[in-house]
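See below for the structure under consideration.
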Amino acid sequence: MPLSFSDVRKMALSMPDVVEITAYGMEAFKAGKTRFAGRPVERPDVDPNTLGLRMSPAERDKLIALRPDVYYLTEHYVNYPAVLVRLSVIRRDELREALGIAWRYAMERQRPAKKKKKSGKTTPRRRGVRR
């Protein structure tokens, strides 16, 4: 039986630090502060029942080479670290693995916390003397 976005939701929300959001009007998932999966915006070149996943271009290219019937790109996504996934073709275990790749990619890209300024006295800057 083909997988659906409902299957994606169950898998994604079972991962640590994942929440469901809306991005560009479409359902999506964030790991920490970074979006890693979601429905792509409907376009004529995007197959129905497709999932978009963020991952490194090297990982994406490897998946496309291994399973071009499952993983693909459109011209719009070529320059993004992302891949499109045909949910109607992918196996459940393969989807779980692909979501894991995207989740790890997102978690590796979390922004570090901003450093707080040291408190205490500061020395005023001297202004240059104009002549």
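Beta carbons closer than 6 Å, at least 6 apart along the sequence or on distinct chains, pair a first residue in the range 18-36 that is surrounded by 16 or more Cβ atoms within 10 Å (Cβ to Cβ) with a second that is acidic (Asp, Glu) and in a strand (DSSP E or B) for PHE29/GLU20. Out of LEU3, LEU63, which single residue is part of a loop (DSSP other than H, G, I, E, B) and either surrounded by 12 or more Cβ atoms within 10 Å (Cβ to Cβ) or of a type in the set (A, V, I, L, M, F, W, C) (or both)? Every option except LEU3 fails the conditions. When PRO40 is tested against (1) open to solvent by 50 Å² or more (accessible area, probe 1.4 Å); (2) at pLDDT 95 or above, exactly one condition is not met: (1). Condition first: open to solvent by less than 60 Å² (accessible area, probe 1.4 Å) and not small (Gly, Ala, Ser). Now tell me which residues in the range 6-17 satisfy that. ASP7, VAL8, MET11, MET15, listed by residue number.
The values are calculated or read from the model by the stated rules, or taken from the named source; none is laboratory data. Please read all numbers here as calculations on a predicted model, not as lab measurements. A quick note on method: Cβ atoms are made from the backbone with ideal geometry, for glycine too, and the neighbour counts reach across all protein chains shown. The accessibility values were calculated without ligands, DNA or RNA, using every heavy atom of the protein model including side chains. Shrake-Rupley method; radii C 1.70, N 1.55, O 1.52, S 1.80 Å.
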